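Here, each number is a calculation from the coordinates, and none is a lab measurement. Because the structure is predicted, anything quoted here is derived from the model rather than measured. Cβ placement follows ideal geometry from the backbone for every residue including glycine, while neighbour counts extend to all protein chains displayed.
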Amino acid sequence: MSDRHFYEPTKGHGLPHDPFNAIIAPRPIGWISSQSGGGVLNLAPYSFFNAFNYVPPIIGFASIGAKDSLNNIQETGEFCWNLVTKPLAEKMNQTCAGVGPEVDEFQLAGLTPKASSVVAVPHVAETPVAFECKLSQCIQLTTAAGEAVDSWLVLGEVVGVHIDKSLLKDGIFDTAAAQPALRGGGPADYFTISETLKFQLFRP
């Protein structure tokens, strides 16, 4: 067996950069739009994001700390997920800025809020794919010992789906053509995918 680097996270990893994020990678980005009860818009990316159920479709993201998105969603019960594509990566990065809750990140990044069909929260007009969501659960995470962690898992049922028709090939969503931007493990690392990297495995 090859040499292995072993560490217990509570005692530190002993490396220049925490490898955890790099191992669970590349990760889809939860680009979440929300709005306060007073109508102030918020748009923020979350790198701890994924899909959790087919029927009904449920997606979720983790907010490390009680951030504006979490507060807005708890207040209104609604949010949207917006696909981050490679052409939109710079705009997404601008919405990472640590600004106050009164700042509209749509305006900050030069993006257009588009009215949704089912929920009151707008989505990003420039993205080719967006999900409209209603809050299903908000769970504060705990350690194995049951101690509360300053992170919340926000789960939402997808109640509306917007897809640019150019990405539907023979009725199948063309993942590579969408050029999804995916978060890597380094402090500035992102990836995307291409058709040449695809391989197929059919279930036995």
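What FRET efficiency would be calculated for the residue pair Lys165, Phe191, taking the C-beta separation as r and a Förster radius of 35 Å, to the nearest 0.05?
0.85
Taking the simple approach of a point 7 Å from Cα along Cα-to-Cβ for both Ala115 and Thr142, what is their distance in nm?
Roughly 4.5 nm, to one decimal.
Mind checking which lysines have their C-alpha under 30 Å from Lys11, skipping anything on the same chain fewer than 8 residues away?
Within reach: Lys67.
Pick from Trp81, Trp152, Trp31: which is most flexible by mean-square fluctuation in a GNM of the chain where alpha carbon atoms under 10 Å apart are linked?
Result for the chain, Cα springs under 10 Å: Trp152 fluctuates most.
Name the residue from Ile139, Asn71, Ile29 whose Cα lies farthest towards the positive end of the charge dipole of region 26-197, charges +1 on Cβ of Lys and Arg and -1 on Cβ of Asp and Glu.
Checking the options against the dipole of region 26-197, the answer is Ile29.
With +1 on the Cβ of every Lys and Arg and -1 on the Cβ of every Asp and Glu, and nothing else charged, how large is the dipole of the chain about its Cα centre, in debye rounded to the nearest 20?
Around 500 debye, computed over the chain.
What lysines sit close enough to Lys86 to cross-link, taking a C-alpha to C-alpha distance under 21 Å and skipping anything fewer than 8 places away on the same chain?
Within reach: Lys114, Lys165, Lys169, Lys198.
Suppose a student asked you for the relative contact order of the chain, using Cα pairs under 8 Å spaced at least 6 residues apart; what percent would you report?
Here the relative contact order equals 23 percent.
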